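These notes concern the structure reproduced below.
The values are calculated or read from the model by the stated rules, or taken from the named source; none is laboratory data. Note that this is a predicted model, so its numbers are computed, not measured. Cβ coordinates were reconstructed from backbone atoms using ideal geometry, including for glycine residues, and neighbour counts include every protein chain displayed.
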Amino acid sequence: MKKNALEAAVFLCGAVTMALEMVGSRLLAPYLGTSIYVWTSLIGVILGCLSLGYWLGGRASDTHPSARTFAGIIFLAAVFVSLIALFGDPLLAAIQVSVHDLRVAAVLATLILFGVPSVLLGMVSPYAVRLKMRAVESAGRTAGSLYALSTVGSIAGTFLAGFVLISHFGNSAILFFLAALLAGASLAASMSASAVRVAVLILFAGSAAASDAFGAWLRGPSFLDVNTRYNRVWIYDAYDGSTGAPIKVMQINDEMSSRMLLRSDDLADDYTRYYRLAGHFKPDLRKALMIGGAAYSYPKDFLRHYPEGRIDVVEIDPGLTGLAREHFRMKDDPRLRIRHEDARTYLNRTTETYDAIFGDAFRSYSVPHQLTTLEVVRRMHDRLSDDGVVILNLISSIEGDKGRFLRAEAATFARVFPRVMLFPAAKPDDGSEVQNVILVALKSDKKPKFYSRDTELDGYLHHLWLKKIENDQPPLTDDFAPVERYMLPIMTSLRRDGANPVRELWENVGKRFRKEKN
């Protein structure tokens, strides 16, 4: 083996291990989300497989300590990383449809996709120690040096993936880049059978290119798959399920986040129209804050309805803002101020006062717990004018096990605001239905009117939940906010009952083909 080739192989394998884990989160995101359950599965399964690899690598190195076997292990890892790029999406789509429990789905998907390459990568360091060892007296120094080198490689891979690769390249490209690194390490470790290895990798690269071309043709020319700093985003043209109107969809990770009518400036999603109630509860509304921008559907609507108004939008992901400008008719406006940071940090430091605060950062599969707690609700209260209003969109039921998060959030707001109301958007009399529920909190203790001369607003006001809201959940706090546990029944219900953005995407592909054919 060439001088330093073994050390280089250990370093590269350590780098690939962590980069693979990070890109794995983006691969899983459109199908399983980015919740704590997904990250727990990725970390736990990969650590378990690495541990198995350490054990197998130690045994194999004692039995067959050869550079050729060492190189073969690394090359097999390269092949299996390539297989993730080739078959990851269809396998994840099948798991999403067939496995309803998110925890089981996340563990199963991680094990199938990343199990074998993680075991093989785990075998590298103990095998390298055996090959490098010259005497028992230096065994500790040899093992320590190589494991330190592997860890330094893992650190490098983490920063490379997080700061460069994921923000600038697609998942398939990253996976094949990682496979190429492993193949290079394998060739450097042992030149034997190098031609066969190169031929195999060329075959995989050709298959990947053909697969990507076929996927792009099947999804349609309008389909866009983008990795931002924080999310994996799909943008595509579709048709509204109820009206048949053409729409453009932004799917963030595993959830349809925003929709825009292609032939109208009106709001495409019914629940977003409930934000217009702010003008009813605060007639002199002039200045508002929006938590969560995505495709900027409501901020655009606000600017149209309030020519003298101003809205600040806090969106953590600048990539989404860029996509909104490019694909969702979002234009820069002096009355629109955008802050790219976490909404919690913005609320902690801002001294601005708002007439209304709108919240649309809670999705059914991913709820940022730091925006749910008593501490952040107090900050909202402090940042409102004397008779200001908070309007927050939640996806939940009101009653039963699937309403625990909503009841906890309502209890949290009730600790701070004198009036807290719920408006179920789809079925106002069904507390068991998982739906968009609009939480309205008023800073003033004056009794509001629940009728309006504006027929649109009057219709929304008639959705007021008049039944009792059970006070069976404690307020959420920074110290204890078990959001994922409360949301798990909702996630399971939505996955079981067919709220599936991937299925909807392919249904719209079918509609597109039928329309083109006719």
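Laid out as a table, the results:
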{"item": "Single residue of the range 432-466 satisfying the filter (part of a loop (DSSP other than H, G, I, E, B) and polar (S, T, N, Q)) that is surrounded by the fewest Cβ atoms within 10 Å (Cβ to Cβ)", "result": "S432"}
{"item": "Within the range 346-372, tally of residues that are surrounded by fewer than 21 Cβ atoms within 10 Å (Cβ to Cβ), out of contact with any strand residue (DSSP E or B) (no Cβ under 9 Å at 6 or more places or on another chain) and within 29 Å of S396 (Cα to Cα)", "result": "4"}
{"item": "Odd one out for P448, checked against (1) farther than 27 Å from Q370 by Cα; (2) within 30 Å of the chain's Cα centre (by Cα)", "result": "(2)"}
{"item": "Matching residues, the range 76-106, being modelled with pLDDT under 90 and either crowded, with 21+ Cβ neighbours inside 10 Å or of a type in the set (D, E) (or both)", "result": "S82, A85, G88, D89, L92, Q96, D101, L102"}
{"item": "Residues that are in a helix (DSSP H, G or I), without any contact (Cβ under 8 Å) to a residue 12 or more places away in the chain and more than 24 Å from the chain's Cα centre (by Cα), drawn from the range 56-91", "result": "R59, T63"}
{"item": "Helices (runs of 4 or more DSSP H) enclosed by the range 117-222 - at least 2 residues per element that are closer than 30 Å to Y236 by Cα and modelled with pLDDT under 60", "result": "194-219"}
{"item": "Test result for A109, within 20 Å of the chain's Cα centre (by Cα), crowded, with 22+ Cβ neighbours inside 10 Å and closer than 11 Å to L32 by Cα", "result": "yes"}
{"item": "Counted residues, the range 311-337 - those being within 25 Å of L384 (Cα to Cα), surrounded by 19 or more Cβ atoms within 10 Å (Cβ to Cβ) and not acidic (D, E)", "result": "5"}
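Here is a yes/no grid of residues against (1) charged (D, E, K, R); (2) surrounded by fewer than 20 Cβ atoms within 10 Å (Cβ to Cβ):
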| position | (1), (2) |
| --- | --- |
| I395 | no, no |
| I398 | no, no |
| G403 | no, no |
| R407 | yes, no |
| T412 | no, no |
| R415 | yes, yes |
| P424 | no, no |
| D430 | yes, yes |
